[in-house]
1. For GLN173 and SER33, what is the calculated FRET efficiency with R₀ set at 45 Å and r taken between the beta-carbons, to the nearest 0.05?
2. Applying 1/(1 + (r/R0)^6) with R0 = 41 Å to the Cβ-Cβ distance of VAL143 and ARG266, what FRET efficiency is obtained, to the nearest 0.05?
3. Ranking TYR16, TYR51 by Cβ neighbours within 10 Å, fewest first, what do you get?
4. Between GLU252 and LEU191, what is the spin-label point distance in nm, taking each point 7 Å from the Cα along the Cα→C-beta axis?
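Quick note: the coordinates plus some simple rules give every number you see, no bench work behind them. Nothing here was measured: the structure is a model prediction, and the numbers come from that model. In this analysis, Cβ positions are derived from the backbone assuming ideal geometry, glycine residues included, and neighbour counts consider all displayed protein chains.
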Amino acid sequence: MHPIVFHLGPLTVYSYGLCVAAAFLLALATAASRLKGHGWRPEIAYDIGIYALLAAIAGSRLLYILEDPRGFLDSPLETLKVWKGGLSYHGGLIAAALTGVAYLRRHRLCVAEGLDLLIPSVALGHAVGRIGCFLNGCCFGTVTRVPWGVCFPEGSTAHSFQLWEAGMIPPGQPWSLPVHPTQLYESLAELGLFVWLVLYLPRKRFQGEVFWLYIFLYGVVRFMIEYLRADNPAILSLGRAALTLPQATGLEMAAAAGAVILAAGRSTRMGGPNKLLAELGGKTLVRTVTERALASKASSVVVVTGHQAEQVEQALSGLNVTFARNPDFAGGLASSVKSGKPLADACEAVIATETVKIPKQTLLNMPLKKPMPT
């Protein structure tokens, strides 16, 4: 356990805070790269990241205190010392997700797709953050005899728990009994989720599936790991089983996410719009155009030129969409965009893949007149 990395004059650098900072920067970098690869502005990741970080710290700290407020009643100022550890991931995830949804809605971006693109980086950041938990000595496991069991030194939360609360060790013993390194178990699980989500992203069946899959899988993972955790008291009894608050929250997350995935999957099998999107698979540009056309629910003018024009028209066949390949129309629209004027009154939404005079990125990020539903 190394809770303190180094001292720099009066400044103390804690391993937990350092790992959280590294997790945040790594999550931002990978999310920005992924957004760029799917036709989104990478700056969106940084904008959401700042707001989501602040919300996550507040939400995770609040839930952590609510889980066990005993240590904060006598010392209220301890609630502000987040750099020493004591953050509940469930609270941070919920707060960060709500912040991301609010940002995407305000900027009229597709919420479901945005969450799909961002959530793998959340898993990666959590994997790094859990290493900080291990170095800090919090979130420890139950006593074990496995060869990789870890003994924490005097002064750690594991040692204090075994000495004062559980009475497992006598006073003066410098080390705790070996415990499961549950921090590293969860770190490895999150790293596996990150890799799997990134690989599954191009093959998703509907918008939002990757996000909800993460919520489901993390709920299951956390529920299982909690059986090896020793620092969370049971709050709920189900027959002979006793559940901790994170376990109950994990079950709720998995149940809600599972219901969404099953309902959306059923819609896809019945031949709804999601089936059309699934068939487009790896054609990222065609997929983006199709999604925007379906989401606008309007008679849209689609300006398509270049090698993917026929694929877009075929994908949108049967929908109430008007096609135009007139370069003059594209040129006039480009002039309106550059001058800051609103979209032409002749159409309710403009969607395009490639045009001669308008950059592809400009058109893909152009806001629709009508907010897109999520």
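1. Values: r = 49 Å, r/R0 = 1.08.
Step by step, r from the Cβ atoms, then E = 0.40.
2. With R0 = 41 Å, the Cβ-Cβ based efficiency is 0.35.
3. TYR51, TYR16
4. Between GLU252 and LEU191, the label points sit 3.2 nm apart.
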